[in-house]
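Visitor: One structure coming up, written as structure tokens, with questions to follow.
The values are calculated or read from the model by the stated rules, or taken from the named source; none is laboratory data. Computed from a predicted model, the values in this text were never measured in an experiment. Every residue, glycine among them, receives a Cβ derived from its backbone with ideal geometry; neighbour counts consider all protein chains shown. With ligands, DNA and RNA removed, areas are computed over all heavy atoms of the protein, side chains included. Shrake-Rupley method; radii C 1.70, N 1.55, O 1.52, S 1.80 Å.
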Amino acid sequence: MTETINRPDVAAPSGTSDPSGRAQRWFDQLNAALRARDAETAAGLFETRSFWRDLVSLTWNMATVENPDGVADMLRHAVSTTAPGGFRLAEPAEDDGDVVTAWFTFETAAGRGKGLARLRGQGDELRCWTMMTALQELRGHEEPRGTRRPKGAEHGINPDRQTWSERREQERRELGESQQPYVLVVGGGQGGIALGARLRQLGVPSLVVDKHARPGDQWRSRYKSLCLHDPVWYDHLPYLKFPDNWPVFAPKDKIADWLEAYTSIMEVPWWGGTEVRDAAFDEAEGRWTVQAVRDGRAVTLRPTQLVLATGMSGKPNVPEIPGMEVFAGEQQHSSEHPGPDAYAGKRVVVIGSNNSAFDICGALWETGADVTMVQRSSTHIVKSDSLMEIGLGDLYSERALAAGVTTEKADLIFASIPYRIMHEFQIPLYDRIREKDRDFYQRLEAAGFQLDFGEDGSGLFMKYLRRASGYYIDVGAAELVADGKVGLAHGEVSHLTEDSVVLADGTALPADLIVYATGYGSMNGWAADLISPEVADRVGKCWGLGSDTAKDPGPWEGEQRNMWKPTAQEALWFHGGNLHQSRHYSLYLALQLKARYEQIDTPVYGQAEVHHTG
């Protein structure tokens, strides 16, 4: 009996009272209701307050439904269009006394998926609290991995044989000329490269273009002290993980070289030195006309699908401040800051108090600059070590790997927590961090720094998901503020003079250099520039959940606005985020694009309404 229960591919016998048996009996009830196309009975298996998050498999969308009514509505759509079924345990379920956690597999008409359910109740009277279903592959279009890997060598005699390098060279010559890509990805940073690798493996003709000359140049061009603030276990790219001797926090140029090598190894079709100038969608033809300049030569591309992979943020926000034209020193947005070397002994004012602001202040102070930070609003700070130990350690760490939590499994665990209640999971973690680092926070506040832990105390991840700003992962620079080595001022900037920054309260800060660490706009700003303001408004704001917190206006939307899913503009997609999101969500975007390429029916459920245009 024990041997059967512990085999991942075999469900526990129905007579047992163990967690696996209880969970499989719940799945059996779900399967029976789905076979009968009885959405109401299936929905009755869910708690009064419950959540089902679907990543493409049932909805061809990123969608979360809530409570039995929401589940029933989604399933009424799904049973007739995607035919979900075959839910069964993938490994033994676990019971912590309150929640039965069950990993499972399932199938749809188009493909196969994995999922994670959290069930509650006594005996066999289980009801589902949270459910996550995620499409993993399309039937008949599986990736050539493992037992399906390509043979590579062509055995036998063939007078017309082409070598691998000859085929690659032919592809390079023809792509964008006699052969048009089905998918054009604008933006060849980490997001575009990850998506390009996925599409390559799925056999979707695609092209990734970027204005920089080489993959990784986005990182090479930033200030020299830049490094990853997220740990290595969180930052792998698809298919090819960092070596196990890779540093925990990689410096920017090392990441840049990795991206360049990855692009070559994964054979991502990538054009550098290419600036997209204009894009227009022809509804009659169902494809785009994209005008670009590649190495000084005009090029017209005609993709069917257009993906903007220009990062999770849009264009740099540079404030308009009276007196900017009279200031005699240098002014830079943080994205343009070259590093500290030229500013030893100079007076520098950095406007902003988030990640880039702290990094730049720290590097300038090390070089001998006289640095002052202007804090305009409160900032959440979490020490990197505390974030790794408490915030990420159970999912992304050597400790997690030793417990059997692979990167892929960690991604699904994180994705399985509905955004509506994610803050409830995060608040206890940040309460622990606040207690652990109490002395550090007291010193910062004593120095006058305005701290917050988010409007509800949920910390870094919720701030990131809601607004992608307002935080700093401390790798040392916060100590300079706490110790008074980096000056601190508060308030909005009133105006500039020839040699100073004047705040609203009249405080004048002498300056030779002003760095605007003032963040970025919404990604749809790129859509406005490349396509039209009308299309950008039709699509609406990118990023955020509709939490009705600062910089994330309601109403509640339940998923990241416009990211990795169909938008209000046909054949236009957005792909961005950190390395973790570029890795994980590139799979679901690639599967949606592959399905359309293969002309698989993709009826979208839960298309989000557009509430905000910028």
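Visitor: One residue is enough: does region 29-52 have a residue meeting the conditions surrounded by 19 or more Cβ atoms within 10 Å (Cβ to Cβ) and at pLDDT below 95?
Guide: No, that holds for no residue.
Visitor: Still on this structure, I have one more. Looking at region 212-258, which of the residues that are hydrophobic (A, V, I, L, M, F, W, C) and out of contact with any helix residue (DSSP H, G or I) (no Cβ under 9 Å at 6 or more places or on another chain) is surrounded by the fewest Cβ atoms within 10 Å (Cβ to Cβ)?
Guide: This residue is Ala213.
Visitor: Since Leu135 meets every condition but one in (1) in contact with a Leu (Cβ under 6 Å, 6 or more places away or on another chain); (2) assigned to a loop (DSSP other than H, G, I, E, B), which condition does it not meet?
Guide: Result: Leu135 fails condition (2) only.
Visitor: Do you know which residues across region 229-247 are in contact (Cβ under 8 Å) with a residue 40 or more places away in the chain and closer than 18 Å to Ala400 by Cβ?
Guide: Scanning region 229-247 gives Asp230, Pro231, Trp233, Tyr234, Asp235, His236, Lys241.
Visitor: Of the residues that sit in region 341-365 and are without any contact (Cβ under 8 Å) to a residue 40 or more places away in the chain and surrounded by fewer than 24 Cβ atoms within 10 Å (Cβ to Cβ), which one is farthest from Ala447 (Cα to Cα)?
Guide: Here the answer is Ala342.
Visitor: Another question, if that's okay. Pick from region 478-521 the residues that are assigned to a loop (DSSP other than H, G, I, E, B) and closer than 30 Å to Trp543 by Cα: which of them is modelled with the lowest pLDDT?
Guide: Within region 478-521, the match that is modelled with the lowest pLDDT is Gly521.
Visitor: Of everything in region 259-287, what is assigned to a helix (DSSP H, G or I), touching a Leu at 6+ places or on another chain (Cβ under 7 Å) and open to solvent by less than 30 Å² (accessible area, probe 1.4 Å)? Give them in sequence order.
Guide: Tyr262
Visitor: Now a separate question. Please find, among His575, His584, the residue that is closer than 20 Å to Asp235 by Cα and open to solvent by 10 Å² or more (accessible area, probe 1.4 Å).
Guide: His584
Visitor: Does at least one position in region 369-376 carry a residue that is touching a helix residue (DSSP H, G or I) at 6+ places or on another chain (Cβ under 7 Å) and closer than 30 Å to Thr130 by Cα?
Guide: No, that holds for no residue.
Visitor: State whether one or more residues within region 332-340 are on the phi > 0 side of the Ramachandran plot, open to solvent by less than 60 Å² (accessible area, probe 1.4 Å) and either touching a residue at least 24 places away in the same chain (Cβ under 8 Å) or in a strand (DSSP E or B) (or both).
Guide: yes
Visitor: Go through Thr300, Thr310 for me and flag whichever is open to solvent by 40 Å² or more (accessible area, probe 1.4 Å), out of contact with any Cys (no Cβ under 8 Å at 6 or more places or on another chain) and not in a strand (DSSP E or B).
Guide: Thr310
Visitor: Scanning for something open to solvent by 70 Å² or more (accessible area, probe 1.4 Å), in contact (Cβ under 8 Å) with a residue 40 or more places away in the chain and not aliphatic (A, V, I, L, M), does region 460-468 turn up at least one residue?
Guide: Taking every residue of region 460-468 in turn, none turns out to be open to solvent by 70 Å² or more (accessible area, probe 1.4 Å), in contact (Cβ under 8 Å) with a residue 40 or more places away in the chain and not aliphatic (A, V, I, L, M).
Visitor: Anything in region 402-453 that is under 25 Å from Phe358 (Cβ atoms), assigned to a loop (DSSP other than H, G, I, E, B) and either modelled with pLDDT under 95 or touching a Ser or Thr at 6+ places or on another chain (Cβ under 7 Å) (or both)? List them, or say none.
Guide: Result: Asp437, Gln450, Asp452.
Visitor: Given the conditions (1) open to solvent by 70 Å² or more (accessible area, probe 1.4 Å); (2) assigned to a loop (DSSP other than H, G, I, E, B), report the number of the one that Arg167 does not fulfil.
Guide: Against the list (1) open to solvent by 70 Å² or more (accessible area, probe 1.4 Å); (2) assigned to a loop (DSSP other than H, G, I, E, B), Arg167 comes up short only on (2).
Visitor: Taking Thr147 as the residue in question, decide whether it is within 30 Å of Arg420 (Cα to Cα), β-branched (Val, Ile, Thr) and either at pLDDT 90 or above or open to solvent by 10 Å² or more (accessible area, probe 1.4 Å) (or both).
Guide: Criteria not met by Thr147.
Visitor: On to the next question. Does Gly216 count as on the phi > 0 side of the Ramachandran plot and without any contact (Cβ under 8 Å) to a residue 60 or more places away in the chain?
Guide: Yes; evaluated as a whole, the condition is true for this residue.
Visitor: Hey, another quick one. Residues of region 210-242 being at pLDDT 95 or above, touching a Ser or Thr at 6+ places or on another chain (Cβ under 9 Å) and of a type in the set (A, V, I, L, M), which ones?
Guide: Within region 210-242, just Leu237 meets the criteria.
Visitor: Can you go through Lys241, Lys224 and tell me which one is part of a loop (DSSP other than H, G, I, E, B) and touching a Lys or Arg at 6+ places or on another chain (Cβ under 9 Å)?
Guide: Just a single option satisfies the conditions, and that option is Lys224.
Visitor: Something else: Please go through region 500-533 and pick out each residue that is under 28 Å from Gly454 (Cα atoms), open to solvent by 40 Å² or more (accessible area, probe 1.4 Å) and among the small types (Gly, Ala, Ser).
Guide: Ala504
Visitor: Moving on. State which residue pairs qualify: first residue without any contact (Cβ under 8 Å) to a residue 40 or more places away in the chain and inside region 64-87, second residue among the basic types (Lys, Arg) and surrounded by fewer than 23 Cβ atoms within 10 Å (Cβ to Cβ) in any location, beta carbons under 9 Å apart, and separation of 6 or more residues or different chains.
Guide: Asn67/Arg49; Arg76/Arg37
Visitor: Can you tell me which residue among Ala194, Ala256 is in contact (Cβ under 8 Å) with a residue 60 or more places away in the chain, hydrophobic (A, V, I, L, M, F, W, C), closer than 26 Å to Ser384 by Cα and in a helix (DSSP H, G or I)?
Guide: None of the other options fit; the residue is Ala194.
Visitor: In a loop (DSSP other than H, G, I, E, B), modelled with pLDDT of 95 or more and surrounded by fewer than 23 Cβ atoms within 10 Å (Cβ to Cβ): does that describe Ala109?
Guide: So Ala109 passes the test.
Visitor: Would you point out which residue out of Ala477, Ala536, Ala489 is closer than 19 Å to Pro319 by Cβ, open to solvent by less than 30 Å² (accessible area, probe 1.4 Å) and touching a residue at least 60 places away in the same chain (Cβ under 8 Å)?
Guide: Ala489
Visitor: So, one more: Based on this model, can you work out whether Thr105 counts as over 22 Å from Arg420 (Cβ atoms) and either small (Gly, Ala, Ser) or free of Cβ contacts under 8 Å to residues at least 24 places away in the same chain (or both)?
Guide: yes
Visitor: Something else about it: Can you pull out the residues in region 67-104 that are open to solvent by less than 50 Å² (accessible area, probe 1.4 Å) and in a strand (DSSP E or B)?
Guide: Gly85, Gly86, Phe87, Leu89, Val100, Thr101, Ala102, Trp103, Phe104
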